Amino acid sequence: MKYKFTTPKLTGKPDAYVLHISVDGTQYKKRISKKFTHKQQKEYAEKLGAKWIELLSKDINPFDIEDKKKHFKITEKITFNEAYKMFQADFIGSPNTLNAYKYKLQDIDNLFGAIHLENIKSDDIENLLKGKIKDGSYAQSTVNQAKKSYTVFFNYCLKKGLIDKSPIVEVPKLKSDKDVDERLNPINDTDFTIIMKKVKELENPNLYYFVNFIYHGCIRPNELRNLKVKDIDIVHKRIKIRASVAKSNKLDYVPIYPALMDIINQMNLKEAEDEDYVFSIDSKSLKKTVFGKRQHRKDFFADWFRAVLKELKLHDNTGYSIYCVKHTSNIHKVNDSWKPSELQKLNRHSSIDQTLAYLAKITKVTEIDNKTSRTI
């Protein structure tokens, strides 16, 4: 083995973690970003340490750019393809995230893989995106995703000293008029009644309970997936959304309204242990319980809800999904005279703009044909 190195060691405390390693007697360290939750900070450090060891075991010093260039057989002027390989080797994160980046970066590699990285200009990136828009490949959301992927890659190249300036900075905003099926539409009252009737009739009550938590508490599906019995405070009538599971990474509380309390009382949570998940895969074989030791997979309830929609022929061309339940709840509450500021608090939004975005499609479930207009 070319290098002698120590086992990576994490020091400090949450929001101030530092990962250390010694390579051939030289000390290196990496501060762990505070943008992650405390749990994610440790997980990131473990992955990063494992990546360092993997590269060092292959006789590549992850802290020596020239060493990396030799390993990837990179000449003095690095090509896009060579930098792309380095980016993938260095990437720390979920495989799904990396695949999402690769899906967009492959377009650049196909066109400019052999071109020296420094010779790729903003016009090249702009023309690539314009071409995708013109041939109908990219809708507006795809354009935005592509620019995000390009930004991540070129920022990596800047940090590694492979380029002096990112070409993505000068790419203007581009608009795609490609028609796509609308998503996250609020569910109209007639359809909502039909859907909830079907969900309530299911032999296993889990989906019915899950949807009620979303509707009454405006709690996100992934937050519910991580909800534990200890987080439900019956005495103070509130639900704790722990920082480690909240989308905002901040501790917050959701009130338990009477309608939701009725649901909770049906779930027999008094028989559960504090560390049990409120919604557990264990309940698949125990149909009278909901809680258990094991979590459901991430999209379990979304897939189940989709299956119900398909059975009711309310899936295709409707824009409906389990995520629409929260949007629908917000619109119902507006119609029940809730103020935007009250909705913002319930949704745990950091700004009123986020809340208003939920209400942007209220016209889709608002009928005005039978209204009158006063004579003037």
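Couple of notes before you dig in:
- Residues that are aromatic (Phe, Trp, Tyr), within 20 Å of the chain's Cα centre (by Cα), closer than 23 Å to ASP336 by Cβ and assigned to a helix (DSSP H, G or I) do occur in segment 199-211, at least one of them.
- The residues listed here are THR75, THR97; of these, the one that is at pLDDT below 85, more than 24 Å from the chain's Cα centre (by Cα) and among the hydroxyl-bearing types (Ser, Thr, Tyr) is THR75.
- Condition check for PHE80: farther than 30 Å from LYS42 by Cβ, among the hydrophobic types (A, V, I, L, M, F, W, C) and open to solvent by less than 30 Å² (accessible area, probe 1.4 Å): yes
- Scan of segment 343-376 for residues that are open to solvent by 80 Å² or more (accessible area, probe 1.4 Å), at pLDDT 80 or above and over 21 Å from LEU224 (Cα atoms), ordered by number: ASP353, LEU356, ILE376
- Checking each residue in segment 31-42 for being open to solvent by 60 Å² or more (accessible area, probe 1.4 Å) and either touching a strand residue (DSSP E or B) at 6+ places or on another chain (Cβ under 6 Å) or assigned to a helix (DSSP H, G or I) (or both) picks out ARG31, HIS38, LYS39, GLN40, LYS42.
- Meets criteria (closer than 22 Å to ASN249 by Cβ, modelled with pLDDT under 85, open to solvent by 30 Å² or more (accessible area, probe 1.4 Å) and among the small types (Gly, Ala, Ser)) for ALA16: yes
Listed here are the residues, each with its yes/no results for (1) in contact with a helix residue (DSSP H, G or I) (Cβ under 8 Å, 6 or more places away or on another chain); (2) buried (at least 19 other Cβ atoms within 10 Å of the Cβ); (3) touching a residue at least 60 places away in the same chain (Cβ under 8 Å); (4) over 24 Å from LEU158 (Cα atoms).
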| position | (1), (2), (3), (4) |
| --- | --- |
| ASN96 | no, no, no, no |
| ASN99 | no, no, no, no |
| ASP109 | yes, no, no, no |
| ILE115 | yes, no, no, no |
| LYS121 | yes, no, no, no |
| LYS134 | no, no, no, yes |
| ALA139 | no, no, no, yes |
| VAL143 | yes, yes, no, no |
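- Of the criteria (1) among the small types (Gly, Ala, Ser); (2) open to solvent by 40 Å² or more (accessible area, probe 1.4 Å); (3) under 21 Å from the mean Cα position of the chain (by Cα), which one ALA45 fails: (2)
- Out of LYS326, LYS333, one residue alone is free of Cβ contacts under 8 Å to residues at least 60 places away in the same chain, open to solvent by less than 40 Å² (accessible area, probe 1.4 Å) and over 17 Å from LEU202 (Cα atoms). It is LYS333.
The values are calculated or read from the model by the stated rules, or taken from the named source; none is laboratory data. Please read these numbers as outputs of a predicted model, since none were measured by experiment. No Cβ is skipped: glycine too gets one built from the backbone with ideal geometry, and neighbour counts run over all protein chains shown. Note: accessible area is taken over every heavy atom of the protein model, side chains too, but ligands, DNA and RNA are not part of it. Shrake-Rupley method; radii C 1.70, N 1.55, O 1.52, S 1.80 Å.
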